[in-house]
Each structure stands twice: as structure tokens, then as C-alpha cells.
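Below: the structure, in C-alpha cells.
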Amino acid sequence: MITTKPLFFYCHFLIPKKEWLLAVVVLLFSSHTAFSQNDKTITGVVTSATDAMPLPGVNVAVKGTKTVVVTGLDGDYAIKANSNDVLVFSYVGTANQELTVGTKTIINVALKDDQNQLNEVVVVGYGTQKKADLTGSVSVVNMENAKKTVTYDAAKMLQGQVAGVTVQSSGEPGGFVNIKIRGINSFSNNNPLFVIDGMIVDSPYDFAPGEIESMQVLKDASSAAIYGVRGANGVIIITTKKGKNGKFDIKYRSLIGFQNVAKEWSLTDRLGYQNITSAAERNAGLASIAPGNDPSSPSYINNVDTNWQKEAFKTGVIENHALTFSGGAENLGYSMNVDYYKNSSYLNSPQDYQRLSTTLNLTGKKGKFKYGSKIGFTQSDKENFNEYNAGESPISDLLGAIPTMPVYDANRLGGYGGTTNLTQRAISMNVIGFNNLITNTGKRNRFIGNIWGELEIVKGLKYKIDASFDRLDWQNRKFVPPSDLGWYYITTNDEASLDVSTGNQSRTFLNNLLTYEITINKHKIDALVGSVQERSDYYNHWSRGVGYTPGEISHIEYADATSAGEYENTITGMSYLSRINYSYDDRYLVQGNFRQDKTSLFSPENNTGNFYSFSGAWKISNEKFIHLPKWINTAKLRAGYGVLGNNTIGTYAYSPTINGFAGYDFNNVLAPGTTVVSAIDPNVHWEETRTTNVALELGMLDNDLQFTAEYYIKKSTDLLIGVPLPYSTGAYPASVTTNAGAVQNTGLEFSTTYNNNHHAFKYSISANLGTLKNKVTQIGLNGNPIYGAASKTEVGRSIGEIYAYETDGIFQNAAELAAAPTQTNAGVGDIRFKDVNGDGKISDLDRTYQGITIPKYSYGFNFNGSYKNWDFSMFWQGAGGNKVFNAMYRNLMAGQYGNHSTDELNYWTPTNTNTNVPRPIIGDPNANARDSNRFIESGNYIKLQTMEIGYEIPVPEASFIKKAKVFVNGQNLLIISKYKGYDPDFNSNDGLFSRGYDGGSFPNPRTFSLGLEVNF
């Protein structure tokens, strides 16, 4: 192309001046025509650099012009451009790519995932927001890391992945997971709210984790106030996979894993057990020792030596198979997932768990109208573990089982072994027999349905209606047949029982939302107003039959005696919500939230609560007058304050209960009457949590390095608590639930991520650390402390601190015993306890605080690396700064008729005085096994939670298989801890007032898995 500059020179000198302007116009038109005639058609295909799949819906634009096309279903495009033009390829979730046309007519592009996390669009309450524009504390979970945890519950995947989020679970197949966000805010319920695809649920227990596309954790009032009365404990928003424009796509994932208990307790064998128990009987002055333990007795047991851990623990199996179908066009995209999960117990019992989940997501767009729906159905079956007495742990019974009791005994009803009073004198539970004889099943069917539509009324103004329905049906069935498991555990025909309960719970939500977005010069505003209607219906019917003979059909109609009952309730609510976001010049951001909730849980006078939040952010890096170092790309300072609520209270708790059959005897004449049974506070109302937080976010090294530091204060007031009443009131229970508690949580949170994808070896590192300080500021009206298992909760201290005696060695002789403070029933060889208050005697007043049970800090560390077709990852997680009361160790060191820890073999005798283990003695008159620092241990630990190695199998381009990968996964591989028990990270560590109390938790198993992923 010849430049026009010489032509202008020629025109200026040779053409008459009055015709100069006309000449310029003609030449400019000719020049434009010449350029247009050099346009050419550029074609190509846009694919994903991750899996080489075609990407439909990619915008392909000529930079600096309005020329834009969109790729088709096969990722193909065609656009007019000339050689000097630059094509810009842009797609959600990928980094933009710019290419100069030059001499090429075919340009194929592979778009890479966007590593700049600030450009990520995250889901927040009732909407979405760019991560860079967040003013509240919202943590985005890295799902690639989280999904490497093999689990049935999505909540478990959060362990160690987010600062300030703590998760406890057990190795029980299908067991529930406890999760806390930024500490304990309530004396009743501290579990967060879950929102799945806009539907509010109590937990994600029935949902397949593999279907999840993204998870966000709303940790402060600035982000969670839009959920009002449900937001005090934090909110976890889960978004599942949706269909995308493109070809029909099939993905299959299969995994099989094997589980075993990595650590065992060191327990005594037959000889060790008989040694300790016989010594305990002699020290108690019994006339004789148990015949089964006496070598001189004809009943001496020397042919049974059961290792109960070896007999009980086996290899458990995990299976997970998932098949996903997706595809569609702009008018309708679909994604269907079928997921099967089964976990066979690692215990020698039928306590298994299996679940089948199916979901269908539909999304589409027609002009200005968007629409979508979700349908899901889950069926799960769980065999539950059994407790002979309420609160007893099967693991505790297993470890306490004596080695002279056989597992099997054909001479006993049921075929399992037991003890006899005359021979062994031990009350010992055969856990294997007990759990195999009893049928205890729980079946759950859950249906969820959601449908929504959104209409853009005018530019920027949208109306959305969203209706959802969630129904859970259950059937629980427990049959205890006649059996003989020993002299204490005999179930007679009259005691054999069948308990059956069936019920359902349905929840309905209807959301009406109106949103408006507008940008005027440097001002950007988006607003939301709406209403939420909800209704929850609960129904349960139970039946009980008692009296069955061996082999009799376990149906209610065959029982000798039956009883039945039913219960139902309905809860309704109405909420109004609003939110406004304002941004000026992408430098200053402000957000305000407001929600008003009304519920039938409280009396009409107290059924309304107002919740709100304010937050703001300053993008320091966008200020022209601030010049940051070149290695700092983005810097943002944000802060927020707000009020949240918690309505965890029973139905009709504001209304008194009466007994209509309370007759009274007047001169031998029974007069009918009615009396109030329970005392209530008619003014009971919501709990409130006020949060304040400030944070600094930095993006460095071309945003490859992200860092966030945050400080928060959470003050929860009006907590619901049972205040004791005098027995003279006649109320049962002798307490009234009222708003009379308060607690405060403060902490620091740090998180950092580094991505290096600039070389053949690509890797990413992420780490998080959260600290927590908990303090109770009010208990009841008079500040009376609350006692738990080896714990005490008091104003000015944290919840559930360990409260116990301090030991001071062992009494070595009578002189020491006589010189010591009065210690009732103490003898030589017993534990000497400290007289802390100095009153000359040992009593309850000598107990002291021995340590907090809430971890002071928790952390997580992820590493991911890939080279060519190989990838590797590992995840470490830990916590510390807390104490654990090892009640299981206490039981094994009690020196009674149950089994013993091998540490007990070093018990005190006149010839073995250099020991800290007291003499064993039946009855323990000195209470050597009382709550004391003998059984308090550090709760510090660090775990290698997961490690995975994967290999992507090369496949021919023409193959119907687009991608294939195999991987090996290990879970709970290594734990570094001094804890004597199975695992300091145990589920019952969340016992609120009895926190940190390990009475025999299910060990978290070590799991090795082999998996396959195939895309067709």
C-alpha cells in the first residue's frame, strides 16, 4: 500500500486552493476503500489449553473496532480483518489473548486458564461479584485442591483449605462432619449455613462432592448479612456444574480405595491383663482373685488371648463412580450427573454407607430472558453403630474389652462370646458381636428442585423469580434380638425390641429479586432488592415393639407389646432484603446490606429481626498519587461492620407446656386439674453477632503472588441458654431458656498463593493460617459457670476449658501420707494431689484450669506441580495451642476389671517406686482416675492429609477419547503428634462445653486410592 503523504504534498501545491478541501475528501475516501479492499477472512478454531476441548461462545474481536464474532459449537469462527489488525480472544475463566493477523488466514488459538485470581467472578449472596471488587471477607476455595480429599461430604473438603475454618470428622462411614467458621458464636448451634445453587440447606451431606464447581465461604457480616438470621455462623455457597454451549460431552471418573487404621493402642495381652487385675483385687483386700485370672483355679483361662483391635479392624473399601453428560446451545445448556459412592467399614461389622445421587442442571437464554432449573435426587443407606448405654462409644467398648473373652462362642445365644460374673467378674462388651447382631439402618431419600427465570426489563434492570423445594424422607429401623453377650449384656425375650421411625421434612423457598446496574462515567452502581418466603414442614411417626423370641420375624405386629406416637410442626418465615454497591473510578468501593426477617419460631411481639452491614474498600494501587514498587501490582485495603442473627431454637419455645391430667387428691376425692410443666420466657428472641474486620490484599509479581491479611472481632450477645430455676417452681426441666449469654471471638488470618506457569514445570503453592481467641463475656443472670466433662466454662475464659486436679507424685510411705493434706481414702501407692487453695484438704475446690480446648491456631499448605503429562500434589494441615483430655487413656489406666494400657504394667509396688503409675485397686477408693493432669495431652498435630500423583495418557487426535488420566491418591498418610490416642483431630472435639474430651472417637483411617478420569 502506497502512503498518502506525498499525495497531500502534491495536492497542496498543484491543485487550486479553493478545490483543496474537495481533493482531500476524495483521497481519504480512496484510501479507506483501498484498506477495505485488503480485508480478508480469517478462520480458525478456539480450544482450551487445559483439555484441548473446543470452546463455544468465545468472543473474537478486531481490536479498536466494533467487529466481533462468537465461536460456534465446535469452537470455530470466521471474521473479516486486514493484515495490520489485532484479534482479541476473550472467554470467561481464561486469560485474554491477542494475535496480529499478518499474512495468516487461519489462526487457531488455545486459551489458557486465567491465573489472575482478581479477575475471577465469585458467587455471593443472591448474586455474583468480581473478586477484585469484594469489600467483605469472602474466601474462594481452590476446588482442584479440595477435591483431592476423598470423602462423602463436601464439608470435609474444606479442612485446612480456608483460614478461619475448622473441620472435625471421624472415620465412621457416613458420619456427620462438624464445621466452624471463626470460632464458637453460640451455646446451641454453631454450624454454618449452606447454600447450594441458591437453595438454603442445613448441610451438604446428601450431595455428591464431585458435582461441585465452586465454593465460597462468607466469613463476616459484610458478606453474610444478606442472609440475616441465618448468617451468624458464616455461610458456605456451593455452585454445581452447569451445561455449556458446545458439543455433547461425556466425563467418567472412577475411584477405588482401601482403608485401614494406621495406629493402634498398646494394650495388655492375656498375661498382662491378668497380672494387673489380680494385683488390683489383692490391693483391695478381696478374699480371692477372679478364678479366670487365678492359675491355681480350675477355671483359669489360658486358652483365650483375644487382640480386640486385630479382630475388629479390617480393610475397608471406598468406591466412587461418577458419569457426567453435558452440552447444549445458547437456548438450552444441560449437565447431568450420576454419582455412586460406597464405603465399607474398616470394622468387623456391617456398618457401611452407600449413596446414589443424580442431578440435572438446565440453563438457557432467549433474547432478554434467562432461565434454568435444577433437579436432584439422592438415596442413601447407612448401617449405624450401636450403643448399649447412651453416650458410650463403640471404640471405647472395643478398647476396654478384656483379652480373656473370646470373639465367638457357639454355646451362647447369638454365637458371640461374653464374660461370666463368677469366672472373670468383668463387665466387658463384645463390640463385634453386639454390632453384628443388631440391625440398625437409616435410609434417606432426598429430592431437591429449583426453577428460576430472569428478565431484563430495560438495560441494567433485571427481575428474577426463583422457587425451590427440598424434601427429605427417612426411615430408621433398629432391631435388638434376644442374645447372650455376657452376664451384663444379656437381652431376654422380654427385652428384645424393635424401634421404627418414619418421617419427612420439606422446605419451600420463593425468592423475588430485582437488580439494577448502571455506569455513569467513573461511577458504577448496582443494587438489589427482594423478598424471600419460606415454609418448613416436619413430620415423624415412631413405633416400638417389645418382646420377641429368637428367630421371630422382626415386625411390629409380632411384638408382645407395642406403642406409637407422632410429632409434627410447621415453621414459616418472611424476609425482605436489599444491597447496594457503589464504586468510584475503580478506586473506592462501598457496600451496604440490609435484611429483615420474620419467623414463627418466636412470639408475635419478638418475631422480627433487622440485620445489616456496611463495608468499604480502597484500591490503593489504582491511585495516581501513590507510586508502589513495580513488583506490587495490586493493593487493596478493606473494612466492614455488621450485625447477624441466629434463630436456633425449638418450635413453640416461647409457649408454656401444660399437663391436662394433673389431678389432685382432696379428702380422698381425685379432682381433675391442669398444671404448667415447663417454664418459658415469652420474650425469648434472636441471638445477635456483631462483626468488625479489616484486611489488606496484595497482588505481586504480575499477580502470580497473592497475599491477604485480616483481623476480625466477633461479639455474640443474647445467646440462648438454660438458666437454672428452683425446684419449688415445679418446672421440668428445672431451667428456663432465655437470652442470657455472650461470647467474643477475635483472630488473625493470613493466606497466600503463588502460581508459576511460565515454564515447562508448572507449580503453585498456597498456604493459610488462622488464629483464634475465644472469651465468654456472660453466662446467665448471675454468671454461674457451666461444668462439662473435665471442663468448666466461666465468664472471662474460653468455652470448655479443661478443669481438673493437679497431681503431686505418689505416696511412697505412711509418713508421707500422714504429713500430706487430708486426702480421703488415700493409701500408700496412690496419687497425691495438690492442695491448690491451701485449706489443708483435697476437695473440688482444688481443681484448676489446665488448658484451653479450642485450637489457638490452624493452618493448611498445598503444593501442586506438573511437568508434561505428569502432575503431583500434596496437602498438609494442622492445628495447635490446645489441650486434649484423653478420657480413653484414663479408662485404660484405671486399674479395674476392664482391659489396660501397657503403661499400667509399670504400676507402683513397694519394690517399684520409681514410677508415676499408681497401684491398681478395685473400686479406686482414692479416685486415682479422677479428672487430673495425668490424662491431659497436647492437641498439636500436623498431617499429610493428601498426596496425589497423576499421569495424562496420550490419546490420538482422531480418537473418540479426548482426555484420559490415571492417578494414585493417599489420604491421612502421616501424622506428627505426641498424642497417645488414635488421632488428636477427632469429631467429639466439638462437644461445646465438653470440648477436647476424647472418650473413644472413631479413628480417621489411612486411605490409598486408584482412580481413572476419561473425557469422551
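Tell me which residues come under 5 Å, amide H to amide H, from S600 once H is placed; ignore anything under 5 positions away on its chain.
T572
Place a +1 charge on the Cβ of each Lys and Arg in the chain and a -1 charge on the Cβ of each Asp and Glu, then give the dipole magnitude about the Cα centre in debye, rounded to the nearest 20.
So the dipole magnitude of the chain works out to roughly 4040 debye.
Once fully extended, how much extra length lies between N784 and M143, figured as 0.36 nm per residue of separation less the alpha-carbon to alpha-carbon distance?
Length difference between fully extended and current span is 226.2 nm.
Measure nothing fancy, just the Cα-based angle from helix 5-14's long axis to the longest principal axis of the chain, in degrees from 0 to 90, nearest 10.
So the helix axis and the longest Cα principal axis differ by about 30 degrees.
Need one number: nm distance between label points at N521 and T570, each 7 Å from Cα along Cα→Cβ, rounded to one decimal.
My value for the distance between the label points is 5.6 nm.
Arranged from highest to lowest average of other beta-carbon atoms within 10 Å per residue, in what order do the peptides 790-801, 858-869 appear?
Details: 790-801: 21.5, 858-869: 17.6.
Order by mean packing, descending: 790-801, 858-869.
Whole-Hz Karplus ³J(HN,Hα) for the range 95-104, in order, using 6.51 cos²θ - 1.76 cosθ + 1.60 and θ = phi - 60°, x for Gly and Pro?
Ordered by residue, 3J(HN,Hα) equals 7, 4, 10, 10, 9, 7, 5, x, 8, 7 Hz.
Can you find, among A496, G650, L601, the residue farthest towards the positive end of the dipole of the chain? Put +1 on the C-beta of Lys and Arg, -1 on that of Asp and Glu.
L601
List the chymotrypsin sites (Phe, Trp or Tyr not before Pro) within the range 305-388 that fall in a DSSP loop (any state other than H, G, I, E or B) and whose Cβ has at most 16 other Cβ atoms within 10 Å. Before the final figure, lay out each step's value.
Numbers: sites: W308, F313, F325, Y334, Y340, Y341, Y346, Y353, F369, Y371, F377, F385, Y388; in loops: Y346, F385, Y388.
Those satisfying the criteria are Y388.
How would I179, I553 line up from fewest to most surrounding beta-carbon atoms within 10 angstrom?
In increasing order of surrounding Cβ atoms, one gets I553, I179.
Which residue, V955, N610, S1001, has the largest displacement toward the positive end of the dipole of the chain when charges sit on each Cβ (Lys, Arg +1; Asp, Glu -1)?
V955
Can you sort H321, H900 so the residue with the fewest Cβ neighbours within 10 Å comes first? All intermediate terms of the calculation are to be shown ahead of the outcome.
Values: H321 16, H900 28.
Neighbour counts put them in this order, fewest first: H321, H900.
Under 5 Å between amide H atoms, partner at least 5 residues away or on a different chain: which partners does I953 have, H built in plane at 1.01 Å?
Residues meeting the amide H criterion: A964, K965, V966.
For labels at N869 and R477 in the simple 7 Å Cα→Cβ model, what's the distance in nm?
Taking the simple label geometry, N869 and R477 are separated by 5.0 nm.
Give, in nm to one decimal, the length gained when the segment between K263 and D74 is fully stretched (0.36 nm per residue of separation minus the Cα-Cα distance).
Residue separation times 0.36 nm, minus the Cα-Cα distance, leaves 62.7 nm.
How would T562, T404 line up from fewest to most surrounding beta-carbon atoms within 10 angstrom?
In increasing order of surrounding Cβ atoms, one gets T562, T404.
Would you please give the residues with an amide H less than 5 Å from that of K40, counting only those at least 5 places away or on a separate chain, with H modeled from the backbone geometry?
A81, N82
Say a paramagnetic label sat at a point 7 Å from the Cα of Y252, along Cα to Cβ; which residues of the range 948-979 have their backbone N under 13 Å from it?
960-965, by backbone N distance to the label point.
Of K40/K247; K856/K883; K244/K366; K247/K462; K368/K462; K775/K978, which pairs sit farther than 20 Å apart, going by alpha carbon to alpha carbon?
Those over the limit are K40/K247; K247/K462; K775/K978.
Determine ³J(HN,Hα), in whole Hz, for all residues of the range 827-834 in sequence, where each value follows from phi through the Karplus function 6.51 cos²θ - 1.76 cosθ + 1.60 and θ = phi - 60°; x replaces Gly and Pro.
x, 4, x, 8, 5, 9, 9, 6
Take the alpha-carbon centre of the range 566-611, take the same for the range 411-451, and report the distance between them in whole Å.
46
Could you run the Karplus curve 6.51 cos²θ - 1.76 cosθ + 1.60 with θ = phi - 60° over the range 303-318 and give me ³J(HN,Hα) per residue in whole Hz, x for Gly and Pro?
Per residue, the Karplus-derived 3J(HN,Hα) values read 10, 10, 8, 7, 8, 5, 5, 5, 6, 8, 7, 9, 8, x, 10, 10 Hz.
Please determine, in degrees from 0 to 90 and to the nearest 10, the orientation of helix 20-36 with respect to the longest principal axis defined by the Cα atoms of the chain, where the helix direction is its Cα long axis.
50
So what is the calculated 222 nm ellipticity per residue for the chain, using -39500 (n - 2.57) for each DSSP H run with n of 4 or more, over all residues, to the nearest 500 deg cm²/dmol?
Mean residue ellipticity at 222 nm (helix-derived): -2000 deg cm²/dmol.
Which peptide among 733-742, 157-166, 903-912 comes first, and what is the full order, when sorted by highest mean count of other Cβ atoms within 10 Å?
The most tightly packed comes first, giving 157-166, 733-742, 903-912.
So which chymotrypsin sites (Phe, Trp or Tyr not before Pro) in the range 558-648 end up in coil per DSSP with only 16 or fewer other C-beta atoms within 10 Å?
Loop-located and lightly packed - F625, W631.
Each value in this text was obtained by applying a stated rule to the coordinates, not by laboratory testing. Bear in mind that the values here come from a model prediction, so they are computed numbers and not experimental data. We place every Cβ from the backbone using ideal geometry, glycine too, and count neighbours over all the protein chains shown.
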